[in-house]
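The values are calculated or read from the model by the stated rules, or taken from the named source; none is laboratory data. Quantities reported herein were computed from a predicted structural model and do not represent experimental measurements. Backbone-built Cβ (ideal geometry, glycine too); neighbour counts: all protein chains shown. What goes into the accessible areas is simple: the full protein's heavy atoms, side chains included, and nothing from ligands, DNA or RNA. Shrake-Rupley method; radii C 1.70, N 1.55, O 1.52, S 1.80 Å.
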Amino acid sequence: MTGESQEETGKPEGQEAPHHLAHTWEEARQAAFDAATPIPAGPVALELALGRRLDQDIVALQDMPHYASSAMDGWAVNGTDPWIPVEPGTRLAPHQASPIVTGGLVPPGAKAVLRSESAVMEKDDDGLPVLAAGGTARPGEPRNGQHIRKAGEEAREGDILVKAGVELNPAHLALAALAGHDELRVQGKPLVRLLLTGSEVVAHGLPVPGQVRDTFGPQLPAVVTMLGGIAGGQQKIGDSYPEWLAALEDVVPEVPGAPDLPADVVITTGGTGRSGTDHLRRAVAELGGRLIIDGVAMRPGHPAVLAELPDGRFVLGLPGNPLAAMMALSTVGAPLLAALGHGPMPAVQDVPCGTVIDPEPGRTRLMPFSLLYGMASPAQHTGPGMMRGLASADGVMVVPPHGVQLGEAVPAFALPWSAPIPGPAEAPAKAKPRSGGRTARTAAKPAPDGPVDWSALLG
């Protein structure tokens, strides 16, 4: 989190504020999306396939079920009663029966299964035990084939069970397991590792002056998943350049609990400023990488960096302040992960602005907002190091440099965890007439000529 305390002042100490950054907000989104090629499809284990898009039909590798089995606890029988009991699994001759459990293999010669509660043990004229239908048995029970699950009654070998293109749910995985699969071929999805930096960051308890709590460890893995990536573990390093370089060199860092796979994207936190303790650009250069995005003309989050290393990994550098980092992730990370995962560019939806927002030439401002009477009202507590405003927001307005007038449509995007932003309101349906043709006692008030400013209700 070093080197970025002046991220929102616009004037680093001893320097003039830059008047132009390499990319506008729109250009940065498009550059991130265009930089990525969708990850090819490949096989993954069943336990890792949930939520992935199926690339190849799931077919039955054998008959389902692959053997005739009992649907009840009871007796496998041949012919009519009385039956002579024999050992389980014995080939049954007429008038023989053997005990069987639910799911048990129906023995050769068996014609039906008699439920336990429909069977009674008796003795024949010689005093030997015999089985007969009784108890809850109905007349004629068991009928031929009753309570036997036939082989292949759910599917035959080669039948298509799930067509390619669906997003796999738990029932799909269970069906694939029944069909004999250990792996499924799914569309590619980016594996994302997190590189969390800052010697002043603490993971537990109340920080003392000079320390800050880690806000990235608890939220980034979940956000990565919501954006279509696979959270591949996180690594904590300090602020020295050798630590940065070593962490970015490791294709598969030894991180407990992380998949033993190379990352497609490495997300770093902090180190994107230009002070002596900000090492991202230098490490990328030493590793032979190239910068795709080096700063975005937006606030908060302008020090965002996107780079590509020679081995094909992308490095997304987020600012150290939590709100600034989330805005950078939404601007650059969301399009990048979408493109890698075969998805479309994340949607932007116009909403009417509930207040006047003054111009700020040269910068797009990203403002968390709440919907109030259908209009977007900027949230409070939205400094670059704050999370309170974002936590209660419905989305983020993308305010252009020339500002926004009251009631004017402004682009906005939903947060990864929020509901989609509603589109323009449709015309209300015509009210149903009251019975008897009676009219209301008072006429409706006329609609105001112009947009209503609801911002005063926010206090």
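Within the set of pairs 6+ apart or on separate chains, which have a first residue in region 67-78 that is open to solvent by 20 Å² or more (accessible area, probe 1.4 Å) and assigned to a strand (DSSP E or B), a second that is modelled with pLDDT of 95 or more and of a type in the set (Gly, Ala, Ser), and C-beta atoms under 7 Å apart?
Trp75/Ala97; Trp75/Ser98
Is one or more of the residues making up region 237-245 open to solvent by 50 Å² or more (accessible area, probe 1.4 Å), farther than 20 Å from Gly341 by Cα and modelled with pLDDT under 95? Lay out the reasoning, then the answer.
Of the residues in region 237-245, the ones open to solvent by 50 Å² or more (accessible area, probe 1.4 Å) are 242-243.
With the extra rule that they be farther than 20 Å from Gly341 by Cα, the set shrinks to 242-243.
Remaining after also requiring modelled with pLDDT under 95: 242-243.
Yes, there is a match, as at least one residue in region 237-245 is open to solvent by 50 Å² or more (accessible area, probe 1.4 Å), farther than 20 Å from Gly341 by Cα and modelled with pLDDT under 95.
Among the residues of region 163-182, is there at least one that is buried (at least 16 other Cβ atoms within 10 Å of the Cβ), modelled with pLDDT of 95 or more, within 20 Å of Ala231 (Cα to Cα) and over 17 Å from the mean Cα position of the chain (by Cα)?
no
So how many residues does region 90-100 have that are open to solvent by less than 60 Å² (accessible area, probe 1.4 Å) and part of a loop (DSSP other than H, G, I, E, B)?
If we filter region 90-100 for residues that are open to solvent by less than 60 Å² (accessible area, probe 1.4 Å), which is where we start, we get 90, 92-93, 96-100.
With part of a loop (DSSP other than H, G, I, E, B) added as a condition, the list becomes 90, 92-93.
Going through region 90-100 one residue at a time, the tally reaches 3.
Answer with yes or no whether Leu316 is surrounded by 19 or more Cβ atoms within 10 Å (Cβ to Cβ), in a helix (DSSP H, G or I), within 21 Å of the chain's Cα centre (by Cα) and not β-branched (Val, Ile, Thr). Reasoning before the result, please.
Details: surrounded by 19 or more Cβ atoms within 10 Å (Cβ to Cβ): yes; in a helix (DSSP H, G or I): no; within 21 Å of the chain's Cα centre (by Cα): yes; not β-branched (Val, Ile, Thr): yes.
No, not satisfied.
Could you check how many residues of region 183-215 are closer than 30 Å to Asp57 by Cβ, open to solvent by less than 50 Å² (accessible area, probe 1.4 Å) and either acidic (Asp, Glu) or out of contact with any strand residue (DSSP E or B) (no Cβ under 9 Å at 6 or more places or on another chain) (or both)?
Qualifying residue count, region 183-215: 0.
Determine if region 54-76 includes at least one residue that is closer than 30 Å to Phe413 by Cα and touching a Leu at 6+ places or on another chain (Cβ under 9 Å).
As a first pass, look at region 54-76 and keep what is closer than 30 Å to Phe413 by Cα: 54-55.
Still in the list and also touching a Leu at 6+ places or on another chain (Cβ under 9 Å): 54-55.
Yes: region 54-76 contains one or more residues that are closer than 30 Å to Phe413 by Cα and touching a Leu at 6+ places or on another chain (Cβ under 9 Å).
Tell me which residues, restricted to region 398-415, are outside any loop (DSSP other than H, G, I, E, B) and within 23 Å of the chain's Cα centre (by Cα). Before you say what the answer is, go through the steps one by one.
Going residue by residue through region 398-415, those that are outside any loop (DSSP other than H, G, I, E, B) are 398-399, 404, 409-413.
Within region 398-415, Ala412, Phe413 meet the criteria.
Which one of these is at pLDDT 95 or above, buried (at least 19 other Cβ atoms within 10 Å of the Cβ), more than 24 Å from the chain's Cα centre (by Cα) and not aromatic (Phe, Trp, Tyr): Ala32, Ala119, Ala36, Ala112?
Numbers: Ala32 fails: more than 24 Å from the chain's Cα centre (by Cα); Ala119 fails: at pLDDT 95 or above; Ala36 fails: more than 24 Å from the chain's Cα centre (by Cα).
Going through Ala32, Ala119, Ala36, Ala112 in turn, just one is at pLDDT 95 or above, buried (at least 19 other Cβ atoms within 10 Å of the Cβ), more than 24 Å from the chain's Cα centre (by Cα) and not aromatic (Phe, Trp, Tyr): Ala112.
Taking the criterion of being in contact with a strand residue (DSSP E or B) (Cβ under 8 Å, 6 or more places away or on another chain), at negative phi and at pLDDT below 95, would at least one residue in region 272-280 satisfy it? Step through it out loud before you land on a result.
Our first condition is that a residue be in contact with a strand residue (DSSP E or B) (Cβ under 8 Å, 6 or more places away or on another chain); within region 272-280, this holds for 272, 280.
Then keep just the ones that are at negative phi; that gives 272, 280.
Checking the rest, the ones that are also at pLDDT below 95 come to 272, 280.
Yes; the residues of region 272-280 include at least one that is in contact with a strand residue (DSSP E or B) (Cβ under 8 Å, 6 or more places away or on another chain), at negative phi and at pLDDT below 95.
If a residue must be open to solvent by less than 60 Å² (accessible area, probe 1.4 Å) and part of a loop (DSSP other than H, G, I, E, B), how many such residues does region 349-369 contain?
Looking only at that region, the number is 5.
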